[in-house]
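*Asks:* I'd like to ask some things about the structure below.
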Amino acid sequence: MVAIYSYWISTTLLSLLYLASAYMYVAKGEWVRQFLADLGYPAYLVPLMIVVKVLGVVVILSRFSVALSDLAYAGLFYHLLLSGLAHLGVHRPKGAVPAAVGLALLAASILTQNAAREVPSPYVQAATL
């Protein structure tokens, strides 16, 4: 029962983090473009990241395909990892805090998903052996 609550709380908070980020990309587009340019990323990534962030949340929450859900988890993992490292690379450690929080929520969500979902992920079972 604790694992089920842990899954839904961590997944909800992770989803809110990603949806808030996507909303900020839409609401403060120019600021985000400039900020990404300061990190060394091209501005054309902003619309793509909005779509990817929202779709990742939709796929994980709906889980209409376990394989696609696991792929979305992998994408979120790499995004959070690279985001945190990008902030650390330009000596802005405070900017890496949301990525670190997101990684912790992502780990909790991945590791407890089989307790809360009807169709288990084969990758989580392999990791717990």
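*Asks:* Does any residue in segment 5-19 that is assigned to a helix (DSSP H, G or I) come within less than 8 Å, Cβ to Cβ, of a residue that is of a type in the set (D, E, K, R) and crowded, with 20+ Cβ neighbours inside 10 Å six or more places away or on a different chain, and which pairs are these?
*Replies:* Hits for this filter: TYR18/LYS53; LEU19/LYS53.
*Asks:* Collect the residues in segment 60-95 that are of a type in the set (A, V, I, L, M, F, W, C) and either crowded, with 19+ Cβ neighbours inside 10 Å or not in a helix (DSSP H, G or I) (or both), keeping them in residue-number order.
*Replies:* Residues satisfying the conditions are ILE60, PHE64, ALA72, LEU76, LEU80, VAL90.
*Asks:* Could you grab me the full set of residues in segment 53-78 that are of a type in the set (Val, Ile, Thr) and more than 21 Å from ALA104 (Cβ to Cβ)?
*Replies:* Those that are of a type in the set (Val, Ile, Thr) and more than 21 Å from ALA104 (Cβ to Cβ): VAL54, VAL58, VAL66.
*Asks:* While we're looking at this one, here's another question. Could you say which residue among VAL119, VAL57, VAL124 is closer than 24 Å to VAL2 by Cα, assigned to a helix (DSSP H, G or I) and in contact (Cβ under 8 Å) with a residue 24 or more places away in the chain?
*Replies:* Residue meeting the stated conditions: VAL57.
*Asks:* Same structure again: From (1) surrounded by fewer than 15 Cβ atoms within 10 Å (Cβ to Cβ); (2) modelled with pLDDT of 95 or more, pick out the condition that doesn't hold for ALA108.
*Replies:* (1)
*Asks:* Which one of these does TYR41 not meet: (1) out of contact with any helix residue (DSSP H, G or I) (no Cβ under 9 Å at 6 or more places or on another chain); (2) not in a helix (DSSP H, G or I)?
*Replies:* Only one criterion in (1) out of contact with any helix residue (DSSP H, G or I) (no Cβ under 9 Å at 6 or more places or on another chain); (2) not in a helix (DSSP H, G or I) is unmet by TYR41, namely (1).
*Asks:* Does segment 23-45 contain at least one residue that is of a type in the set (Phe, Trp, Tyr) and within 11 Å of the chain's Cα centre (by Cα)?
*Replies:* no
*Asks:* Among the listed residues ILE9, ILE60, identify the single one that is touching a Ser or Thr at 6+ places or on another chain (Cβ under 7 Å) and either aliphatic (A, V, I, L, M) or closer than 17 Å to TYR123 by Cβ (or both).
*Replies:* ILE60
*Asks:* Separate question: Taking the options VAL51, VAL32, VAL57, name whichever one is surrounded by fewer than 18 Cβ atoms within 10 Å (Cβ to Cβ) and not hydroxyl-bearing (Ser, Thr, Tyr).
*Replies:* Residue meeting the stated conditions: VAL51.
The values are calculated or read from the model by the stated rules, or taken from the named source; none is laboratory data. Please read all numbers here as calculations on a predicted model, not as lab measurements. Counting neighbours? That spans all protein chains shown, and the Cβs are built from the backbone with ideal geometry, glycine included.
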